[in-house]
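First the structure, in the form of structure tokens, and then the observations on it.
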Amino acid sequence: MRKGEAGALQWSDIDFKNLTIRINKTLDFQAKDKSELFCDTKTYNSTRMIRMSKTLADDLKQHMKYQNPKKLALNELYHHDLNFVLTRDDGTIVPKSSLFNAVRPSAQKLVVLFSRNI
């Protein structure tokens, strides 16, 4: 999974029931406003469904539980409209240069588990 694809993942792309992740967009890290955040995947074949293991699903659920109190605490200051999986504490995008450093424990584990499921 490319950094832009990982950065663009939204909770609506995760299907816990069918254990799949939909990759259908990439994140434009240099977008000037929210309307320009998402781009098409690099190639036509990059749009895909990835199967995820139960372990990955459980890890994503834990990550969601980690995010939820922050969403509640920040209320309208949290960027709920973005609904990103990998975010800063306020729900905004993580810069490309620090995407995996900022969320290192979760992101690295997710990338390893994603690659096992391809």
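The values are calculated or read from the model by the stated rules, or taken from the named source; none is laboratory data. It should be emphasised that the depicted structure is a prediction, and the values quoted were computed from it without experimental measurement. When we count neighbours, we look across all protein chains shown, and the Cβ atoms used for this are built from the backbone with ideal geometry, even at glycine. When the accessible area is computed, the model is the full protein with side chains, heavy atoms only, and any ligands, DNA or RNA have been set aside. Shrake-Rupley method; radii C 1.70, N 1.55, O 1.52, S 1.80 Å.
Listed values, structure above:
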| item | result |
| --- | --- |
| Selected residue (only one of L110, L77, L60 is surrounded by 12 or more Cβ atoms within 10 Å (Cβ to Cβ) and at pLDDT below 85) | L110 |
| Residue count, segment 5-59 (criterion: in contact with a Cys (Cβ under 8 Å, 6 or more places away or on another chain) and basic (K, R)) | 1 |
| Within segment 18-32, considering residues that are of a type in the set (A, V, I, L, M, F, W, C) and in a loop (DSSP other than H, G, I, E, B), the one farthest from the chain's Cα centre (by Cα) | A31 |
| Count of residues meeting criterion [open to solvent by 80 Å² or more (accessible area, probe 1.4 Å), under 27 Å from S97 (Cβ atoms) and either out of contact with any His (no Cβ under 9 Å at 6 or more places or on another chain) or among the polar types (S, T, N, Q) (or both)] in segment 27-44 | 6 |
| Residue satisfying condition, being modelled with pLDDT under 85 and within 20 Å of M1 (Cα to Cα), within set I21, I93, I14, I50 | I93 |
| Condition check for L99: modelled with pLDDT under 80, open to solvent by 20 Å² or more (accessible area, probe 1.4 Å) and not charged (D, E, K, R) | no |
| Count of residues meeting criterion [assigned to a helix (DSSP H, G or I) and farther than 23 Å from G91 by Cβ] in segment 33-55 | 5 |
| Pairs where the first residue, in segment 19-33, is touching a residue at least 12 places away in the same chain (Cβ under 8 Å) and of a type in the set (S, T, Y) and the second is open to solvent by less than 50 Å² (accessible area, probe 1.4 Å) and assigned to a loop (DSSP other than H, G, I, E, B), C-beta under 7 Å, 6+ apart | T20/M52; T26/T41 |
